[in-house]
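Data first, discussion second: the structure below is written as structure tokens.
Each reported figure results from applying straightforward, stated rules to the coordinates on display, with no laboratory input. Given the structure is predicted, the values throughout are model-derived calculations rather than measurements. Ideal geometry is used to build each Cβ from the backbone, glycine not excepted, and the neighbour counts take in all protein chains shown.
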Amino acid sequence: MEALLGFSLDFWDYATFLSLFFLTVVGLGFVVFMLGLPGRIAIARNHPEAEAVYLMGWVGFMAVVPWVQALAWAFRPTAVIDVRYLPAERRLETDTMIAKMTGKEPAITKAETQSGDTPS
């Protein structure tokens, strides 16, 4: 190796390479965590547009502004649709989408819903 570089590599060179590799892996892990954050928040809050928030969080990394909007959207209460009082079909659709995104089974199924299901 000395013939190619013109000097020999010692312990400190390898320690430097290892620390740079470690910092790169930690940095990439942090970036992946931050890009998925709006989607995870929206899923945890049962947001009706959780899938859109999730995708906007990942696509918004190219420019910072869409990612910030996705983060704000994840926390924004929905004024148009209140998830607690959705019609049964919409509630089933939202639960199925969130279950698909989290890899779990839906909390309610089609058999458990009734036509005309309204909040009491």
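Observations
- Once the Cβ-Cβ distance of LEU20 and ALA63 is raised to the sixth power relative to R0 = 25 Å, the FRET efficiency obtained is 0.35.
- Quotient of C-alpha Rg and 2.2 N^0.38 Å, computed over region 2-80: 1.76
- Order by protection proxy (mean Cβ within 10 Å, highest first), peptides 28-35, 47-54, 9-16: 47-54, 28-35, 9-16
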